[in-house]
Amino acid sequence: MNSLLNAERPPVLCPGCAHERITHTLDLAFQNMGLARHQIVIVSDIGCSGLFDTFFHTHAMHGLHGRALTYAAGLKMARPELNVVVSMGDGGQGIGGAHLLAACRRNIDLTLLILNNFNFGMTGGQFSATTPPEAQLGSGFLTALERPLDICEVARSAGAPYVHRCSGYDKALAQKIQGAIEYEGFAVMDIWGICPGRYTKKNRLTPKMIDDALARRPALEGIIPENVRPEYGQHYRRMAADQKKAPAPAVIRNQYKAPQTGRQEVVLLGSAGQRVITAGELLCIAGLTAGLKTTQKNEYNITVLRGPSISELILSPEEIDFSGIDTPTVMVALAQEGVDRRRDLFERLAKDALIIQIGGVSLPASKARIHRVDLKAQGVKPPDWALASLAVLAKLKKVIQPRMLEAALKVRFKGKALASALQLIKRVKVGKR
Amino acid sequence: MAYSLLEGNEAIARGAIAAGCRFFAGYPITPATTIYHSMLNLLPPLGGICLQGEDEIASIGFCLGASMAGLKVMTATSGPGISLYSENISFAIGSEIPIVIIDVQRLGPSTGSATRGADGDINFLRWGSSGGLPVIVLAPVDVADCFALTMHAFNLAEEFRCPVFVASNKEIGMTRESIDLQGLDTPAVIERCAAPTHQPLLPFYVDKGQQVPDFLPIGGKVLVRQTSSTHGADGYITTDAAAIARNQERLKQKLLSAIDRFSFHEVYHIENADTLLIAYGVSARAAKAVFKEQKRQGKPISLLILKTLWPVPQDVIRQAARNAGRIVVVEMNLGQYVREINRILPRKPIVFCGQMDGRLITPARITEAINNE
């Protein structure tokens, strides 16, 4: 087999760097697998491990520190047939820790080779997520203050189905890397090595010491049975195939005549649970059935089941330029919370404005005409009040008329929900002026 | 004419699909989240991919990977997410990775107000990347623009191999509005230019007269290199100062020299009107109401609505302002784009009408700014 190394760009690593050995071993693994250059993409980021993409003559993507797993995920989802090999350092596991955890949980078929040499080599030997606290490094006494991370234990508890911890000097490394690449799922290899340029300047570390340290830890040599599950991409494609095509937006036929000309500004002032936002949408759709232009803006608390719920609607035969409420023509007071949130609007109301006051809600002073309706007495439940108030408007021939509202319900609802909504708007009584 | 009722965010998602977007990744954030929801409804049934990243950095990272694999990609966020995108935005600029980035702006600074609108990211979008090279920023005014400008954004991203922003606003994105989908003026879909496949690829090579390198996807038969490092035509690190300078200049000029082709705007020029009102985004709607009212009252003004904010459409602005005695600039912040207007029209008196309190700028406020001078 032919080497997949880049003949024009031989490794440029420090003499004695474990990375160089791993470069050749990875090449051997590729050859043993019989892979062609175009079947592989090497994704790397910053640090000496980030040189790997240049050593190989394959597809390559080299990006930001700690983010290689994110590019790899996008590549693999878009091109499932590619062998995606990610080379990162121990530094990348710190800055990109969230991506490591997510990759373990997600289980996309990527191979992560962590070239773990216990420090930031390229920037001058600062401590990384895996540095032993007793090490003497460029980050001085700060090194002693942080506890190293066991990447493999983290990966295992985060759900990685394949975790392998080994030495960069392991004679069987090529087979082990091959096993990780061949595994259909997220495979993590934590490969320990020596950084002669920085780490071993002041710290003693030999292949034998690495072997001894590895022997003291529980062995992790590949498949983690409790984490084995379907690969994300395959799983995604299976589930995506069952998703129904989203319908095109409903096109509303212009078939009725609105009871008024000119711009109508309606504010529904309610509270959570009154289905105010849905009522606002229905009012807009009703407007569309008369060929009106409409806008709907909503306001509600982030805790959606509590607090005021307000919908601002504009219906107009003209283009709606300014989409804010300027001088409301109709205010519907459905709940005290909603009214209180917009008290300032009441003093701006003109004499010919209309307030629909639902029983039990008190109103600030205004010049507007007030129309009272007691929905509770009519046996309408609060979740239907907003819709019932639209029926009142329609029956008063204010902004909309009953046929427009019926048509809107038919656009928005189907089956039982439609039947009960139609029944509701029929039985709501207009109340007294 | 028959209307549908759509919110701006859904219109962006539908525009993206119409432009050929087949990959979306995002992280939930109000007021942009419904773009993600819409893409999740629309993409998987079409064989597309919609992912939720573990954070914004992952979301844009997924997109850059998928874009390099040949897909048209989009992500959507608000100001706090743009901050986290920043380093990858620089990557997309410098390494010419097509991506559409939607910013549904909310009131800042910082986490600010999730459900209040603003146009506070306008300069951030332009300048919030290392290296300072130009980007394209489009600004929709209404739900129809959300659809059409998103399509343009994809075309521009593909043609120029660059990130393209759509600077929306909570007040557009989460507002439902009537839209005539059949009557929309939408562009033909453009695909990125493919390099020949019978020879090895120099991924950043440009021929004479060409400003954008041809593209091949990672994963095809021809090997492709992508790198965030300063690179030569071959995609390997270079230290050749002349080659570096040439490439930086090209990255700048590929957009600046083509600005006339994508200076989207509306101009309402009134002969003899002394005042030119300049607005963009949702505030342009209030400005238009003022324009109509002033005309009705016999005190007409001219109006320029900018829909391409960056690169600055200097010729459009100069042309619209040529006869104006003074300029009134409206924006939902404390004065960002007005700096560009000042720069381009140094001899014109410029009145700034800004507001940053989470509320829409009203026509009354603009009228006051016009009348007070």
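So here's what we get for this one:
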| quantity | calculated |
| --- | --- |
| Failed item in (1) surrounded by 21 or more Cβ atoms within 10 Å (Cβ to Cβ); (2) β-branched (Val, Ile, Thr); (3) within 14 Å of another protein chain (Cβ to nearest Cβ), with B:Thr238 passing the rest | (1) |
| Residue in the stretch B:208-219 that is among the charged types (D, E, K, R), closer than 24 Å to B:Ile237 by Cα, surrounded by fewer than 13 Cβ atoms within 10 Å (Cβ to Cβ) and modelled with pLDDT under 95 present | yes |
| Within the stretch A:277-318, considering residues that are in a strand (DSSP E or B), at the interface with chain B (Cβ under 8 Å from one of its Cβ atoms) and out of contact with any helix residue (DSSP H, G or I) (no Cβ under 6 Å at 6 or more places or on another chain), the one farthest from B:Ser4 (Cα to Cα) | A:Glu299 |
| The stretch A:18-64: number of residues that are without any contact (Cβ under 8 Å) to a residue 24 or more places away in the chain, among the aliphatic types (A, V, I, L, M) and assigned to a strand (DSSP E or B) | 2 |
| Helices (runs of 4 or more DSSP H) within the stretch B:255-373 that include 3 or more residues of a type in the set (A, V, I, L, M) and in contact (Cβ under 8 Å) with a residue 60 or more places away in the chain | B:283-296 |
| Matching residues, the stretch A:80-99, being buried (at least 24 other Cβ atoms within 10 Å of the Cβ), over 18 Å from A:Ala29 (Cα atoms) and in contact (Cβ under 8 Å) with a residue 60 or more places away in the chain | A:Asp90 |
| Filtered residues of the stretch A:308-330 (kept if within 21 Å of B:Ser283 (Cβ to Cβ), without any contact (Cβ under 8 Å) to a residue 40 or more places away in the chain, out of contact with any Pro (no Cβ under 7 Å at 6 or more places or on another chain) and buried (at least 19 other Cβ atoms within 10 Å of the Cβ)) | A:Asp321, A:Ser323, A:Gly324 |
| Filter result (of a type outside the set (Val, Ile, Thr), within 20 Å of B:Ile172 (Cβ to Cβ) and touching a Leu at 6+ places or on another chain (Cβ under 9 Å)) within the stretch B:293-322 | B:Leu303, B:Leu304, B:Lys307, B:Leu309, B:Trp310 |
| Extreme residue, nearest to the other protein chains (Cβ to nearest Cβ), among residues of the stretch B:85-103 that are closer than 22 Å to B:Ser38 by Cβ and not β-branched (Val, Ile, Thr) | B:Tyr85 |
| Residue among B:Phe165, B:Phe147, B:Phe154 that is within 18 Å of B:Ala76 (Cα to Cα), part of a helix (DSSP H, G or I), away from chain A (no Cβ under 14 Å) and aromatic (Phe, Trp, Tyr) | B:Phe154 |
| Count - residues of the stretch B:106-123 that are surrounded by fewer than 19 Cβ atoms within 10 Å (Cβ to Cβ) and within 15 Å of the chain's Cα centre (by Cα) | 1 |
| Some residue of the stretch A:180-200 being basic (Lys, Arg), over 37 Å from the mean Cα position of the chain (by Cα) and either under 30 Å from A:Arg342 (Cβ atoms) or surrounded by 17 or more Cβ atoms within 10 Å (Cβ to Cβ) (or both) | yes |
| Helices (runs of 4 or more DSSP H) contained entirely in the stretch A:191-246, each with at least 2 residues that are within 14 Å of another protein chain (Cβ to nearest Cβ) | A:232-241 |
| Odd one out for A:Glu20, checked against (1) modelled with pLDDT of 95 or more; (2) touching a strand residue (DSSP E or B) at 6+ places or on another chain (Cβ under 6 Å); (3) more than 13 Å from chain B (Cβ to nearest Cβ) | (2) |
| Unique residue being assigned by TED's automatic domain parsing to the domain that holds A:Gln357 and farther than 18 Å from A:Pro402 by Cα when the list is A:Gly291, A:Gly273, A:Gly287 | A:Gly273 |
| Positions within the stretch B:1-27 being at the interface with another protein chain (Cβ under 8 Å from one of its Cβ atoms) and over 18 Å from A:Lys297 (Cα atoms), in sequence order | B:Met1, B:Ala2, B:Arg14, B:Phe23, B:Ala25 |
| Whichever residue in the stretch B:28-65 is in contact with a Phe, Trp or Tyr (Cβ under 6 Å, 6 or more places away or on another chain) and of a type in the set (Val, Ile, Thr) and, among such residues, is farthest from the other protein chains (Cβ to nearest Cβ) | B:Ile60 |
| Entirely in the stretch B:1-105, the strands (runs of 3 or more DSSP E) that have 1 or more residues that are crowded, with 24+ Cβ neighbours inside 10 Å and among the small types (Gly, Ala, Ser) | B:23-26, B:73-77 |
| First in the stretch A:331-345 and closer than 17 Å to A:Ala388 by Cβ, second anywhere and basic (Lys, Arg), Cβ under 9 Å, 6 or more apart | A:Met331/A:Arg342 |
| Unique residue being within 30 Å of A:Glu153 (Cα to Cα) and touching a residue at least 24 places away in the same chain (Cβ under 8 Å) when the list is A:Gly262, A:Gly233, A:Gly280 | A:Gly233 |
| Unmet criterion (only one of (1) assigned to a loop (DSSP other than H, G, I, E, B); (2) crowded, with 21+ Cβ neighbours inside 10 Å; (3) out of contact with any strand residue (DSSP E or B) (no Cβ under 6 Å at 6 or more places or on another chain)) for A:Glu134 | (2) |
| Criterion: outside any strand (DSSP E or B) and within 11 Å of another protein chain (Cβ to nearest Cβ) - qualifying residue of B:Ser229, B:Ser178 | B:Ser229 |
| Selection from the stretch B:138-165 of residues that are in contact with an Asp or Glu (Cβ under 7 Å, 6 or more places away or on another chain) and under 22 Å from B:Leu5 (Cα atoms) | B:Asp142, B:Val143, B:Ala148 |
| Meets criteria (among the hydrophobic types (A, V, I, L, M, F, W, C), surrounded by fewer than 21 Cβ atoms within 10 Å (Cβ to Cβ) and modelled with pLDDT under 95) for B:Ile270 | yes |
| Lone qualifier among A:Arg204, A:Arg216, A:Arg165 - being out of contact with any strand residue (DSSP E or B) (no Cβ under 7 Å at 6 or more places or on another chain), closer than 19 Å to A:His19 by Cα and at pLDDT 95 or above | A:Arg204 |
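Every residue, every condition in (1) acidic (Asp, Glu); (2) more than 9 Å from chain B (Cβ to nearest Cβ); (3) surrounded by fewer than 24 Cβ atoms within 10 Å (Cβ to Cβ); (4) closer than 21 Å to A:Gly197 by Cα, yes or no:
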residue	(1), (2), (3), (4)
A:Pro11	no, yes, yes, yes
A:Leu26	no, yes, no, no
A:His38	no, no, yes, no
A:Val43	no, no, no, no
A:Asp53	yes, no, no, yes
A:Arg67	no, no, no, no
A:Ala78	no, no, no, no
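The values are calculated or read from the model by the stated rules, or taken from the named source; none is laboratory data. Just so you know, these numbers come straight off a predicted model, no measurement behind them. Every residue, glycine as well, gets a Cβ built from its backbone with ideal geometry; the counts of neighbours run over all protein chains shown.
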